[in-house]
Amino acid sequence: LSSLSTTTTRPPARAPLPPVGETLTLHCSSPIRRGRPSVGARAMLLVSSGQMAALRPPRLLLLPPRPAALPLRRRPSMGASSARRRGGAGRVCVPRCAGATPPPQTSAVQVPARRKCSPLLDSALLPGGSELAVHEWKAVPDIWRTAAEKYADLVALVDPYHDPPSKLTYKQLEQQILDFSHGLRAIGVAPDEKLALFADNSCRWLVADQGIMATGAINVVRGTKSSDEELFQIYSHSESIALVVDSPQFFNRLAESFISRINARFIVLLWGDKSSLNSKAVMDIPVYDYNDITELGRENRNALCYSSELFEQGQQGVFEAIGPEDVATLIYTSGTGGTPKGVMLTHRNLLHQINNLWDIVPAVPGDRFLSMLPPWHAYERSTEYFIFTHGIQQVYTTVKHLKADLQHHQPHYIISVPLVYETLYSSIQRQISASPPARKTVALALIKISLLFMEAKKIYEGTVLSNSPVKPSFIFYMFNYLRARIVAALLWPLHNLAKMLVYKKIHSSIGISKAGISGGGSLPMHVDKFFEAIGIKVQNGYGLTETSPVVAARRPFCNVLGTVGHPIKHTEIKIVDIETGEVLPDGSKGIVKIKGLPVMKGYYKNPSATNKALDLEGWFNTGDIGWIAPHHATGPSRKCGGMLVLEGRAKDTIVLTTGENVEPAELEEAASRSSLIDQIMVIGQDRRRLGAIIVPNNDEVVAAAKRKSSLDGNNGLAKDTVMSLLHAELKTWMAGCSFQIGPILVVDEPFTIDNGLMTPTMKIRRDKVAAKYQSEIEALYK
């Protein structure tokens, strides 16, 4: 992309000024070439009240957006010679200034293009300019103006693993977001248009995300690990008009199977060099790298600095404020039957999270956070927005560098999925097991003592979880209370010894001095108890993409294990009967429903799915099974009242501890094509990997064993032989699936309507099957 060299002809200092309202034309000293013309080359001078005021480029404010069907690289040249060939003088007429002479009737006044901006971040673009009084955030990008004013020179983020490594202060971050948003406006992005942002976690992802939002456009987000077909489906269904991608390597992967099938107005490359792109795939599509967009935006903003007179004369009305009910982003979540479901989250949805998560994470300026989750995940995204409003420092890391970064940066907080805490737990256990025998024995004994100490504390602190609505006997409670006090007093010295001998070293190796926040799946109880025992606070939370996502979480001052805490502000939760929909009393198990500010606007272009998920009163059906802890004024459960406890999922979607959502129907359909499998139910909720319960077709299994000469001397089938045959079948028939099956449980009793394991419509009752084989499933995953 080349800039233009321009010269302007100014009247001599003592020469008479041209008449008020006359437009002066800029003449280029060189022909305009293909590429991005500089803003200066497109500026005009307006003589008004004896002064010349520079106007912003007509393409940015005075011209309507370019038609989507017209590629940028095919725009005709706008040099002086081409203007003469069209018979014009190469001038662009502008709206008349107040008190100025109207332009001749032959002049064609350009209609200002519709534009939107973030009310606080870009307040100078709105009527009233920088004097506009905004006392609260109306759009998500507004948070950056407040953060830049309060924490200007504090380091906001550190991104050490990209080229170039980045470290930005809050003021620099705000300026880059502004530059990116103005750069997008300069290349024709209009409000409510959708831009696909397919990239992984990085500082430039954050800038692109917020830059897109600040224009009033809607970003459609996904990561690079998604399949090409899934990305194509998301891009097409969302009606995106352009593509923002992570790197040349990722773009080249998409080149043949994706790029050739989409209609993209332009492509933006966040990292890397454009010269590394597959040139055949680009074709006529204009490609900008990150610096192109930010430089163009910087020039655009500089031009705005010289257009104050235009604003004073009423032309600023071309910009509208982004409203809280405007859609901010589309996040695609799992659908059934291959139908995508694009969750529409508004600025109000996300601002609710920003304004109400401090009760869970009381961050203060200077706190360090490690960030490693995919940023398109609603959990990572909302919490990132929130923590930046409190002046924290975020350090980007990866799974590969997590261990080293925990030790090096010593974060105060880490926000992640259960799998990360499981991994840390396993790593600590391995280190203890690798210790000399004497040290290993002492460490394990002290950990057991700490676990007993914590159990005793729960009794007298009132955090013993119970679903019984019956108030316990006072005498019985006092007996348990006194016993717990005595046990805790006896164990306390040994627990403190464990802190000095064992836990201190663990703390120094992983940091997390304030809390780890877990979400996106259920935290295994043994992991939860372990971190509590060693003095690392882990707070579990709950939510869905459709709820922006956090609806409940454990508070630092009341971290009751086994629950996901109380609902956050402006959020209601109720439990209803699975069959009748009637509201159930506290302690009763049923479907969890949610209502309030975090609930989505709906599914994009999917009214039937929206109506199924949201009732007329605004209650969202989560499909999760749970209960609310009963309230007790006294007793061992007195502090648990109102907390939400989850028991599993009524709907089919499986959530792994990695945070990944899996629709089992696809996998079951593929596996059922095997003649050896009669029935199959995929399992794995809150597990690291998927498993399956299989009812084999015994006749076909015997036949297959005969063909492989696997029968024993009595013509019987050994258990290992059956398992081997079934694993081979799963591997064969599920080769093209996104997920694979790990451990399997073989059962002889089929799922039928009579035994209650199937519905009258012949659908497997997943909750009933899981309950029937609960102990076998636990053993399977051990």
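The values are calculated or read from the model by the stated rules, or taken from the named source; none is laboratory data. Fair warning: this is a prediction, and the values are worked out from it, not measured in the lab. Note that we place each Cβ from the backbone using ideal geometry, even for glycine, and neighbour counts take in every protein chain shown.
Of the helices (runs of 4 or more DSSP H) lying entirely inside segment 278-327, those containing at least 3 residues that are at pLDDT 95 or above and assigned by TED's automatic domain parsing to the domain that holds L184 are 290-305.
For E422, the requirement of being touching a residue at least 40 places away in the same chain (Cβ under 8 Å), of a type in the set (D, E), out of contact with any Gly (no Cβ under 7 Å at 6 or more places or on another chain) and part of a helix (DSSP H, G or I) is met.
So, in segment 499-513, exactly how many residues are in a loop (DSSP other than H, G, I, E, B) and crowded, with 19+ Cβ neighbours inside 10 Å? Break it down stepwise before answering.
Applying the first criterion (in a loop (DSSP other than H, G, I, E, B)) to segment 499-513 yields 511-513.
Those still in the list that are crowded, with 19+ Cβ neighbours inside 10 Å too: 511-512.
Counting residues in segment 499-513 that are in a loop (DSSP other than H, G, I, E, B) and crowded, with 19+ Cβ neighbours inside 10 Å gives 2.
Out of all the residues in segment 392-417, which are on the phi > 0 side of the Ramachandran plot and either aromatic (F, W, Y) or surrounded by 19 or more Cβ atoms within 10 Å (Cβ to Cβ) (or both)? Can you show your working first?
Keep residues of segment 392-417 that are on the phi > 0 side of the Ramachandran plot, which gives 410.
None; the set is empty.
Scan segment 564-584 residue by residue and report those that are in a loop (DSSP other than H, G, I, E, B), at pLDDT 95 or above and over 16 Å from T622 (Cβ atoms). Result: K569, H570, E582. The requirement of being acidic (D, E) and not assigned by TED's automatic domain parsing to the domain that holds Q774 is fulfilled somewhere in segment 622-641, by at least one residue. Within the bounds of segment 648-662, is there any residue that is charged (D, E, K, R), part of a strand (DSSP E or B) and closer than 19 Å to K589 by Cβ? There is at least one residue in segment 648-662 that is charged (D, E, K, R), part of a strand (DSSP E or B) and closer than 19 Å to K589 by Cβ. Each residue in segment 140-162 was checked for being surrounded by 16 or more Cβ atoms within 10 Å (Cβ to Cβ) and charged (D, E, K, R), and 3 pass.
Out of the residues in segment 678-693 that are farther than 12 Å from E663 by Cα and of a type outside the set (D, E, K, R), which is farthest from the chain's Cα centre (by Cα)? Give the derivation first.
The first filter runs over segment 678-693 and keeps only residues farther than 12 Å from E663 by Cα, leaving 678-680, 686-689, 691-693.
Going one step further and asking which of them are of a type outside the set (D, E, K, R), we end up with 679-680, 691-693.
Working: Q679: 36, I680: 32, G691: 27, A692: 29, I693: 32 Å.
Here the residue is Q679.
In segment 463-482, the condition of being in a helix (DSSP H, G or I), of a type in the set (S, T, Y) and closer than 27 Å to I534 by Cβ is met by at least one residue. If you go through segment 267-289 and keep only what is crowded, with 16+ Cβ neighbours inside 10 Å and either without any contact (Cβ under 8 Å) to a residue 12 or more places away in the chain or of a type in the set (D, E) (or both), you end up with just D289. For segment 200-215, check the following and say yes or no: at least one residue is in contact with a strand residue (DSSP E or B) (Cβ under 8 Å, 6 or more places away or on another chain), more than 23 Å from A156 (Cα to Cα) and either assigned by TED's automatic domain parsing to the domain that holds V399 or modelled with pLDDT of 95 or more (or both). There is no residue in segment 200-215 that is in contact with a strand residue (DSSP E or B) (Cβ under 8 Å, 6 or more places away or on another chain), more than 23 Å from A156 (Cα to Cα) and either assigned by TED's automatic domain parsing to the domain that holds V399 or modelled with pLDDT of 95 or more (or both).
Criterion applied to G516, G541, G520 was being in a loop (DSSP other than H, G, I, E, B) and either of a type in the set (V, I, T) or buried (at least 21 other Cβ atoms within 10 Å of the Cβ) (or both), and the one residue passing it is G520. The residues listed here are T545, T610; of these, the one that is touching a strand residue (DSSP E or B) at 6+ places or on another chain (Cβ under 8 Å), within 30 Å of E325 (Cβ to Cβ) and modelled with pLDDT under 95 is T545. Among the candidates R222, R253, the residue that is closer than 22 Å to K605 by Cβ and at pLDDT below 95 is uniquely R222. From the list R430, R439, the one residue that fits, being over 26 Å from Q172 (Cα atoms), out of contact with any strand residue (DSSP E or B) (no Cβ under 7 Å at 6 or more places or on another chain), surrounded by fewer than 17 Cβ atoms within 10 Å (Cβ to Cβ) and modelled with pLDDT under 90, is R430. For segment 528-535, indicate whether the set of residues that are surrounded by fewer than 19 Cβ atoms within 10 Å (Cβ to Cβ) and either outside the structural domain of A488 (by TED's automatic domain parsing) or within 25 Å of the chain's Cα centre (by Cα) (or both) is non-empty. No, segment 528-535 contains no residue that is surrounded by fewer than 19 Cβ atoms within 10 Å (Cβ to Cβ) and either outside the structural domain of A488 (by TED's automatic domain parsing) or within 25 Å of the chain's Cα centre (by Cα) (or both). With respect to being β-branched (V, I, T) and out of contact with any Lys or Arg (no Cβ under 7 Å at 6 or more places or on another chain), V576 falls outside the description. In segment 175-196, the residue that is surrounded by the fewest Cβ atoms within 10 Å (Cβ to Cβ) out of those that are out of contact with any Pro (no Cβ under 9 Å at 6 or more places or on another chain) and within 24 Å of P374 (Cβ to Cβ) is K194. Sort out which residues of segment 351-377 are buried (at least 17 other Cβ atoms within 10 Å of the Cβ) and of a type in the set (A, V, I, L, M, F, W, C), and write them in order of number. Hits for segment 351-377 are L351, I354, L357, I360, V361, A363, F369, L370, M372, L373, W376. Among the residues of segment 219-235, those identified as more than 13 Å from W205 (Cα to Cα) and touching a Pro at 6+ places or on another chain (Cβ under 9 Å) are K225, E230, Q233, I234.
Within segment 620-657, restricting attention to residues that are polar (S, T, N, Q) and closer than 20 Å to G596 by Cβ, which residue is surrounded by the fewest Cβ atoms within 10 Å (Cβ to Cβ)? Lay out the reasoning, then the answer.
Within segment 620-657, the subset polar (S, T, N, Q) is 621-622, 634, 637, 653, 657.
Now narrow it down to the ones that are closer than 20 Å to G596 by Cβ: 621-622.
Numbers: N621: 18, T622: 23.
Across segment 620-657, the extreme among qualifying residues is N621.
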